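The values are calculated or read from the model by the stated rules, or taken from the named source; none is laboratory data. Everything quoted here is computed from the prediction, not taken from an experiment. Because the Cβ atoms are built from the backbone with ideal geometry, glycine has one as well, and the counts that use them run over all protein chains shown.
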Amino acid sequence: MSLLSTQALHITIGTTSVCCNLELKINSGDRWCVLGRNGTGKTTLLYTLAGLRPPDSGTIAVHSRALHTLPRKSVAQHIGLLFQDHTDAFPASVLETVLTGRHPWLGALQWESNQDLTLARDALQAVGLGDMETRMVNTLSGGERRRVGIACLLTQQPQLLLLDEPTNHLDIHHQIRMLDLMKEQVTNSRKALFMVMHDINLAIRYCNRFLLLFGEGETLQGTTETVLTRDNLERLYQHPLQAIPGPQGTCWLPQ
Amino acid sequence: MRPAILFSLLLLLAIASLLFSLTSGSIDVSGQELLAIITGTDSGNELVRQVIMELRWPRTLAAFTTGALLALAGGLMQVLLRNPLADPYVLGVSGGAATGALLAMLSGLGSVWLHGSAFGGALLSMLLVFGLSRGAGSWTTSRLLLTGIVIAAGWGAIIGLLLAISPEQGLRGMLFWLMGDLSNAPMPLGSLPVLLLGLLAAIAIGRSLNILVHGEQMAGALGISIKPLRGFIYLLASLLTATAVTLAGSVGFVGLVVPHMLRLLGMRDHRLLLPAASLLGGSLLVCADTLARTLLAPRQLPVGILTALIGVPVFLVLLHHSRSLHGEER
């Protein structure tokens, strides 16, 4: 059974169509990458799959139950979303921010337990911020704030991780470290990854399923070999590309 | 600072402010006399007993309730609008109340009518903003903020008009009401339960508030139904504000600054911040009101002036010494 599936999904933003009749099946173990030009609606697709905005038509099912009939809280137990950016209107410490990830698992009047604290601290260790828990999030660098967001998502422990440009603000070392961490989550705990990326070469290294959004509702999905051809990629980005054979498969460079 | 220590200090401050208020005034009362009167063992001065129980006690309690209501409403409003500049009056509740109150004064109606009319005006304004901000589109925070501010500006114009056309002898009372004044405040029999229920409700949604400061989409992704929560915070904060302004007019500064004072002291969890704000807001207003009626006695000053006179330096000192707003926690 799929973690998440869509039937005849139709999404539009204003007058532009993001996808038309999209049939998507995300199974545990899958590592999906969504590619597309700016403004084709990649983020909107993630928001829709997370239930934050309704689709124009079609259905989304989580474990074969319709997404819009599930309580928000149980959706958040299944699906986690890493946002492109983080807003912090008021001061909050790193640990407090990561602990918010436990919200879907706590009763209305329940306080975070020691076990929740341990989970949050483990997540901070995993993203390499173990010694920063008392820092205020608004004093962190962009990359550190990004990793706090990832730690929050780990603390939430969803089965499906929706990531909006997870490598934003991260240096090369941390890009690899975070994506390794995500891949590890998928293989060890039977989770699934569905992420928006702009770096085709990182995507090839970490993902085994691709969804291309061409704009005007046209989509294409499949495995790396079937979808990531020069024709498809050049049509997708409307830019000529050069293929260079590398140690981990083909590298694509813009011409 | 650890929450337990901060709460102990706030409780001490609250008790101290109540004692300060009950013992100060035209007749000085010693602590022993006060204790005797409260426990009912005093056999002596009937006048002193009357002053304490019938004048000072209701007024002190009204001051505490008003301050607590405003600080609580301010904390909620700041989270709702995710704007540190928000105060309980930003969305026009006090403007509606003021219009109601001034109309009652202009018509020469009694104090029961005054309070009823102020509360009615506040509710009218609250529903007006709530209804209009839904509009044709979705109920977004910026739409709510803009609607509220425009409605508040509208009330401002009406208040100006009422002041301009009212006879000279009524102006003083109106100005006092607009600046916040507790001299006509009744025993807060209705407001105290509103405060307690509001506080319980605020603590109950406290963890959601902690997440809401990180953005509405983030809160949605963590399993919070945003629309009902937002509506609930708005109605709760407005109702608390309406209750406060009905008691004492539009006392400024408490609602804006008290939540920030506690944030500067390192309190950020809203389940603790909001009850702490109620204690501090109440204590601040009790002290301010005591000074308002004793500083230039027998003349009384509007309490709103004193809240700012006390609050501004305290807040600035805290801000100056604090690193927790933009730095490491101490």
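A few points about this structure:
- Yes/no for B:Ile205 being touching a residue at least 12 places away in the same chain (Cβ under 8 Å) and within 29 Å of A:Gly80 (Cβ to Cβ): yes
- Some residue of region A:189-205 being without any contact (Cβ under 8 Å) to a residue 24 or more places away in the chain and in contact with a helix residue (DSSP H, G or I) (Cβ under 9 Å, 6 or more places away or on another chain): no
- Whichever residue in region A:98-110 is modelled with pLDDT of 95 or more and more than 11 Å from B:Gly223 (Cα to Cα) and, among such residues, is nearest to the other protein chains (Cβ to nearest Cβ): A:Leu99
- Within region B:208-229, if we keep just the residues that are within 7 Å of chain A (Cβ to nearest Cβ) and touching a residue at least 60 places away in the same chain (Cβ under 8 Å), the residue that is surrounded by the most Cβ atoms within 10 Å (Cβ to Cβ) turns out to be B:Asn210.
- Cβ pairs under 6 Å, 6+ apart, first in region B:138-161 and without any contact (Cβ under 8 Å) to a residue 40 or more places away in the chain and under 10 Å from B:Gly95 (Cβ atoms), second among the charged types (D, E, K, R) and crowded, with 19+ Cβ neighbours inside 10 Å: none
- Filtering region B:43-53 for residues that are touching a residue at least 24 places away in the same chain (Cβ under 8 Å) and surrounded by 24 or more Cβ atoms within 10 Å (Cβ to Cβ) leaves an empty set.
- Number of positions in region A:213-229 that are on the phi < 0 side of the Ramachandran plot, outside any strand (DSSP E or B) and touching a strand residue (DSSP E or B) at 6+ places or on another chain (Cβ under 9 Å): 5
- Scanning region B:241-272 for residues that are within 19 Å of B:Met187 (Cα to Cα), part of a helix (DSSP H, G or I) and touching an Asp or Glu at 6+ places or on another chain (Cβ under 8 Å) yields a count of 1.
- Listing of helices (runs of 4 or more DSSP H) fully contained in region B:1-107 that carry 1 or more residues being closer than 30 Å to B:Gly131 by Cα and modelled with pLDDT under 95: B:57-81, B:93-106
- Sole residue being outside any helix (DSSP H, G or I) and either on the phi < 0 side of the Ramachandran plot or in contact with a strand residue (DSSP E or B) (Cβ under 7 Å, 6 or more places away or on another chain) (or both), chosen from B:Ser208, B:Ser183, B:Ser238: B:Ser183
- Against the list (1) farther than 21 Å from A:Glu165 by Cβ; (2) more than 17 Å from the chain's Cα centre (by Cα), the condition A:Leu22 fails is (1).
- B:Leu280 vs. criteria within 14 Å of chain A (Cβ to nearest Cβ) and in contact with a helix residue (DSSP H, G or I) (Cβ under 9 Å, 6 or more places away or on another chain): no
Let's see how each residue does on (1) charged (D, E, K, R); (2) under 19 Å from B:Pro188 (Cβ atoms); (3) touching a Lys or Arg at 6+ places or on another chain (Cβ under 8 Å):
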{"position": "B:Leu22", "(1), (2), (3)": "no, yes, yes"}
{"position": "B:Met53", "(1), (2), (3)": "no, yes, no"}
{"position": "B:Ala63", "(1), (2), (3)": "no, yes, no"}
{"position": "B:Ala73", "(1), (2), (3)": "no, yes, no"}
{"position": "B:Val90", "(1), (2), (3)": "no, no, no"}
